[in-house]
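Structure first, then comments.
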Amino acid sequence: MRPFLEKLPVIPGASWSLLNRRLDEGIPFEWHHHPEYELTLTLNSKGQRFIGDHVGEYEDGDLVLVGANLPHTWASRARLDPTLPHVALVMWFRHEWAQALGEGFAELRPIAGLVARGRGRARFFTRGGGARPADDRGSVRSGPARALSGIGSRASGAGGG
């Protein structure tokens, strides 16, 4: 199946876009790609995510950084709380924006590096299992708090995580 090219709306004067997607019927399978990076936090939902040739399970609190032009989608199976909708908080940004963050703020330099290393890749951050960088094929390697604290401690010169 070929992914469709999703054209994201351009917001004049904005550096990035955010979608607060709330779905009663579930997150549909929509195999797509786009030139922007995507950071997606999934809440009150569990199911499968498909990123590149990686197929994996996701649950509440799943956080994924998807590289530019990498085909991806989610398909939900159930809500954790049936009285609340499935939620996907999606942030899209360009490589240049993340790079500029690192150039403008020393404390954010590791984030620019994370994005630079993530071209064509995905990184998975799970509530229970931690941050797990994935290679180009989506194979997984290691905690969100651990990875993010490691970014912060390296930025401050403290060594780290």
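The values are calculated or read from the model by the stated rules, or taken from the named source; none is laboratory data. Keep in mind that what you see is a predicted model, and the values were worked out from it rather than measured. FYI the Cβ positions are ideal-geometry reconstructions off the backbone, even for glycines, and counts take in every protein chain you see.
Points worth noting:
- Restricting 81, 62 to residues that are modelled with pLDDT of 70 or more, of a type in the set (D, E, K, R) and either in contact with a Lys or Arg (Cβ under 6 Å, 6 or more places away or on another chain) or farther than 25 Å from residue 33 by Cα (or both) narrows the list to 81.
- Residue in the range 1-43 that is nearest to the chain's Cα centre (by Cα), counting only those that are among the charged types (D, E, K, R) and either closer than 19 Å to residue 67 by Cβ or not in a loop (DSSP other than H, G, I, E, B) (or both): 38
- Looking only at residues of the range 45-81 that are closer than 29 Å to residue 112 by Cβ and small (Gly, Ala, Ser), we find that the one that is surrounded by the most Cβ atoms within 10 Å (Cβ to Cβ) is 67.
- Within the range 60-100, tally of residues that are closer than 25 Å to residue 14 by Cα, part of a strand (DSSP E or B) and of a type in the set (D, E, K, R): 0
- So residue 42, is it under 26 Å from residue 97 (Cα atoms) and surrounded by 20 or more Cβ atoms within 10 Å (Cβ to Cβ): yes
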